[in-house]
1. Take region 15-37 and flag every residue that is buried (at least 16 other Cβ atoms within 10 Å of the Cβ), at pLDDT below 80, of a type outside the set (Gly, Ala, Ser) and in a loop (DSSP other than H, G, I, E, B).
2. Out of all the residues in region 317-367, which are outside any helix (DSSP H, G or I) and not acidic (Asp, Glu)?
3. Out of (1) buried (at least 24 other Cβ atoms within 10 Å of the Cβ); (2) modelled with pLDDT of 85 or more, what's the single condition that is false for Thr266?
4. Is one or more of the residues making up region 254-262 touching a Gly at 6+ places or on another chain (Cβ under 7 Å), of a type in the set (S, T, N, Q) and part of a helix (DSSP H, G or I)?
5. List, please: which pairs have Cβ atoms under 7 Å, are six or more places apart or on different chains, and start with a residue in region 402-420 that is farther than 18 Å from Ser244 by Cβ and β-branched (Val, Ile, Thr) and end with one that is open to solvent by 30 Å² or more (accessible area, probe 1.4 Å) and modelled with pLDDT of 95 or more?
6. Looking at region 222-238, which of its residues are of a type in the set (Gly, Ala, Ser) and assigned to a helix (DSSP H, G or I)?
7. Within 16 Å of Val126 (Cβ to Cβ), of a type outside the set (Val, Ile, Thr) and open to solvent by less than 40 Å² (accessible area, probe 1.4 Å), is that true of Gly323?
8. Quick check on this structure: which one of Phe213, Phe223, Phe219 is aromatic (Phe, Trp, Tyr), over 21 Å from Ala333 (Cβ atoms), free of Cβ contacts under 8 Å to residues at least 40 places away in the same chain and in contact with a helix residue (DSSP H, G or I) (Cβ under 8 Å, 6 or more places away or on another chain)?
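The values are calculated or read from the model by the stated rules, or taken from the named source; none is laboratory data. The shown structure was predicted, so the numbers you read here are calculated from the model rather than taken from an experiment. Virtual Cβ from ideal backbone geometry, glycine too; neighbours counted across all protein chains shown. For the accessible areas, the whole protein counts, side chains as well, though only heavy atoms, and no ligand, DNA or RNA atoms are used. Shrake-Rupley method; radii C 1.70, N 1.55, O 1.52, S 1.80 Å.
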Amino acid sequence: MAETKSVKPAGGEQKREHFASRLGFILIAAGCAIGLGNVWRFPYITGEYGGGAFVLLYLIFLVILGLPVMVMEFAVGRASQKSCAQAFDILEPKRRFHWFSWWGYIGCMILMMFYTTVAGWMLAYVPKMASGMFDGGTAEVTGAAFNAMLANPSELMGWMLGAVFIGFLICSLGLQKGVERITKWMMAILFVAMIALCIRSVTLPGAAEGLAFYLIPDFSRMFAGGWTTFGEAVYAAMGQAFFSLSLGIAAMEIFGSRIGRERSLTGEAVNVTLLNTLVAILAGLIIFPACFAYNVTPDSGPSLVFVTLPVVFGQMPLGNIWGALFFVFMSFAALSTVIAVFENLISFTMDKWDVDRKRAVAINAVLVVVLSLPCVFGFNVLAGVTIPGIGDIQSIEDFIVSNNMLPLGALIFVLFCTQRFGWGWKNFLAEADAGEGMKFPAWSRLWVKWGIPVLIVIIFIMGYAPKVALWLGL
C-alpha cells in the first residue's frame, strides 16, 4: 500500500504528519470510535431494552444519523488539512464559525477528565481477574471489591496515571511511529481476544438462549411497559448510535486532516462504522450467552461489566484466565480511544500555537492529569458532590459531553456543511466525493440538511426532559 507523505505548508509551520497507510487511518479512526460506549454501554443498554429489537433500531440510526455526520467531520478535516483549531477559519473566511474552533478541544478534554479514570478501572481488573480473587464469588463479593476500589483514591489515581502515561507515551513517538504503528497492533490483539472470548461464550451450555435474546428481534419486549417504554428504547438507540461514533467534538475531523485525496470519504466512513459496529456486536456475543448460561440477569445496567461478569467468569472453568483476557480486551478498547483523543488534543495545540509535538505532549499531559483528579476523588473524598438527576462528578462530566457537546457539536458540523452561511453543500459534496470509492448520496440532501438537525435537536431535548422534570418536581 502506497505511503502518504507528510506535507510542508507555506509559512514555516510544522510539517503536517499523514498516515503511512489507508489501513492505519481506518484502524485509528475506528479505535477512536471503539471504546467503552461499544463494549460497556452498548451491551447493558441492549439488555435493558429487550435485546435483538434494540440492536435493529441501533443499526438503523447508525446509518441514517451517525454515518453522514462522520463523513462531514472527515471532509472538514481533509479539505482544511488542519485540526478544528484552524479548519473552520480556512474553509469559511468570514469567520462565522471562528468560535467553534475551541469546541473540539474543550470537548475532548472534558471527555478525558473521566475517561482516563474508567480506562484505569479496566487496567486494574486485568490483575484482579488473573489472580482468581473472584473464583466462585457471588454478586455481593464482586460488588464489594468494585466499591472498595472506588473508595480508594490512591488506587484510582495510580491506575488513572497509568492510562494517561501509556496514552501520551505512544503519542509522543509521533503519528506514524507511535499512534499508527501501536494502534494497529492493539486493534489486532483486541479482535483476536474478542473472537476467542466469543467462541468460548457461545459454546457454553445454555448459551443458545442468550443468542436468541440478543440476535432475534422481539418488539414485544419493548412494548412491555407500553408506548412509553418503546419511546425510551428509540431514544436510547438514537443516542447510542450517535455517541458510539464519538461525533460532535471533532474527534473524527482530525483524522480526516491526516489523509490524502486518493479515496472518497463515504467509503472510508463506512469502513470505520462497520469496524466500530462489529466490536459492539461481538461484545454482546461475549456477554449475553455467558449471562444466560449462568443464569445471570443481562439488564443489570452499568455494573454489568464490573459486578455481574466477574460472577460469570468466577463460575466458569479457567474463569480467571478468560476473565483476565476479557479485561485485556476492555483495556485495549478504552486505550484506543484515549490514544486517539490525546492525538486530537496534541494536534490542536500544534496547529493553534505552532509548537512541536514534544511540547504539545508535555502541555496536555499536565492538563489531563490535573483535570482528571476531580473524577478520581468524586468516588471517595468528594463523593458528596452531586447534581440531582445527574449524579456524581463522573456523571456530571459525562453529561456535559454526551448530552450537550456531542449532539450540539454534531449539529454545528451539519449546519456548516449544508448551509450557505457555512462551508456549503456543494463544497462538502465535492470534498466527500474526491477520490476513488463510494460517493455520498446527493439525493439525501433534504434529509441531511433538515432531517438530521431535527433528529439531533430531538436527542438533545429528550436527554434534558427527565432532568428538567426532576428539577421542577414534576
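1. Glu17, Ile34
2. Across region 317-367, the qualifying residues are Pro317, Leu318, Val355.
3. (1)
4. no
5. Thr418/Lys449
6. Scanning region 222-238 gives Gly231, Ala233, Ala236, Ala237.
7. Yes.
8. After applying the criteria, what remains is Phe223.
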